[in-house]
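Just below is one structure, and these are the notes that go with it.
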Amino acid sequence: MKVTIKYFGLVAEAADKYEEVLELNGALIASELKAQCLNGLSIADKDSVQIAVNQNLDDTTTIKDGDEVALLPPFAGG
């Protein structure tokens, strides 16, 4: 199955890309895909990175063919 991964902010900087299409073999839940994508990247606090599947923040979602996945850095504001 193919999924589109979009990287934002410091995640995009660490990955040195903003988007890629991955070919996945087998079912993954969002948290497993997040760990796979962040593996090897120089991000100090990987737990602070959130994952959104089809614009919904939920790391328990099962990834399906054609999904759009975003890896989001911590947000600041006020």
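Of the candidates 9, 26, the single residue that is out of contact with any strand residue (DSSP E or B) (no Cβ under 9 Å at 6 or more places or on another chain) and among the small types (Gly, Ala, Ser) is 26.
Counting the residues of segment 2-24 that are loosely packed, with under 13 Cβ neighbours inside 10 Å and either part of a helix (DSSP H, G or I) or without any contact (Cβ under 8 Å) to a residue 12 or more places away in the chain (or both) gives 2. Filtering segment 31-43 to residues that are touching a Leu at 6+ places or on another chain (Cβ under 9 Å) and either aliphatic (A, V, I, L, M) or farther than 25 Å from residue 65 by Cα (or both) leaves 33, 38, 43. Cβ-Cβ contacts under 7 Å between residues 6 or more apart (or on different chains), taken from a first residue in segment 28-46 that is touching a residue at least 24 places away in the same chain (Cβ under 8 Å) to a second residue that is of a type outside the set (Val, Ile, Thr) and part of a loop (DSSP other than H, G, I, E, B), are listed as 30/58; 30/59; 31/59; 34/59.
Being touching a Cys at 6+ places or on another chain (Cβ under 7 Å) and either at positive phi or of a type in the set (A, V, I, L, M, F, W, C) (or both) is a property that residue 63 lacks.
Cβ separations smaller than 7 Å between residues 6+ apart or across chains give the following pairs from segment 53-66 residues that are surrounded by 10 or more Cβ atoms within 10 Å (Cβ to Cβ) to residues that are in a loop (DSSP other than H, G, I, E, B) and charged (D, E, K, R): 53/67; 54/67.
No value in this document is a laboratory result; all are computed from the given coordinates. Keep in mind that this is a model prediction, so the values were computed, not measured. With ideal geometry, Cβ positions are generated from the backbone for all residues, glycine too; neighbour counts draw on all protein chains shown.
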